[in-house]
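Novice: Would you mind keeping the following structure in view while I ask a few things?
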Amino acid sequence: MEKQADTRMVHTMKKEFGTHHYRPLVDDLTIKESPINGLGLFAVDNLKAGIFLGETHIWESKRWEYIRTPLGGFINHSENPNCFINENIHYHDGQQRELYTTRPIKKGEEITVFYTKGYDDIIR
């Protein structure tokens with residue numbers, strides 16, 4: 001007996017996310033191989049100075065530690081960074097760390113910060 005292929009149509013839905021939904025990366029960033037270390041964040045378009053790029057870490061009070069977001073997991077260190085991480089203590093009765101550009105960043109340039117805290121597992 002010959003096996004028949006299933007010819008039923010499969011309906012796929014594309015989920016659209018609004019601006020109020022969490023997104024691991026803003027549309028202006030992508031992840032790719034880094035000349036600094038492993039994978040890194042890169043600008044897809046030119047970015048202006050002072051732009052908020054997203055949350056890198058969110059404080060989890062029940063665990064009493066920061067949880068790194070996907071955005072925070074791909075930022076590499078630089079002695080001459082183009083971004084900084086700001087602590088926002090007013091987020092949901094806790095804290096979050098937010099990534100901001102410090103200068104204009106060109107399309108294709110890697111997003112970097114100067115590691116100062118929260119990276120004890122990386123810096124020795």
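Bear in mind these aren't lab numbers, they're just calculated from the coordinates by the rules spelled out. These numbers were taken from a predicted model, which means no experiment stands behind them. Backbone-built Cβ (ideal geometry, glycine too); neighbour counts: all protein chains shown.
Novice: Taking H placed 1.01 Å from N in the peptide plane, check which residues at least 5 places from His57 or on another chain put their amide H under 5 Å from its amide H.
Specialist: Thr69, Arg97
Novice: Report ³J(HN,Hα) in whole Hz for each residue of the range 67-74, in order, from the Karplus equation J = 6.51 cos²θ - 1.76 cosθ + 1.60 where θ = phi - 60°; Gly and Pro get x.
Specialist: For the range 67-74, the Karplus-derived couplings read 9, 6, 7, x, 4, x, x, 10 Hz, x marking Gly and Pro.
Novice: So for Glu109, Glu98, Glu79, fewest C-beta neighbours within 10 Å to most, what's the order?
Specialist: The fewest-first ordering by Cβ neighbours comes to Glu79, Glu109, Glu98.
Novice: Taking amide H positions as placed in the peptide plane 1.01 Å from N, state which residues far from Ile51 in sequence (5 or more) or on other chains have amide H under 5 Å from it.
Specialist: Close amide H contacts, sequence-distant or interchain: Thr101.
Novice: Quick one: if you take sqrt(5λ) for each eigenvalue of the C-alpha gyration tensor of the range 47-113, what semi-axes come out, biggest first, whole angstrom?
Specialist: With the √(5λ) rule applied to the range 47-113, the semi-axes are 24, 12, 9 Å.
Novice: Tell me, Arg68, Arg63, Arg103, Arg97 in order of fewest to most beta-carbon neighbours within 10 Å?
Specialist: Ranking Arg68, Arg63, Arg103, Arg97 by Cβ neighbours within 10 Å, fewest first, gives Arg63, Arg103, Arg68, Arg97.
Novice: If each residue's Cβ is checked for other Cβ atoms within 10 Å, how do His77, His57 rank with the fewest at the top?
Specialist: The fewest-first ordering by Cβ neighbours comes to His77, His57.
Novice: Where the only charges are on Cβ atoms (+1 Lys, Arg; -1 Asp, Glu), what is the dipole of the range 47-113 about its Cα centre, to the nearest 20 debye?
Specialist: Value, rounded to 20: 200 debye.
Novice: What residues qualify as long-range amide H neighbours of Ser34, i.e. H under 5 Å apart, gap of 5 or more or another chain, H built at 1.01 Å from N?
Specialist: Here the answer is Leu39, Gly40, since their amide H atoms fall under 5 Å of that of Ser34.
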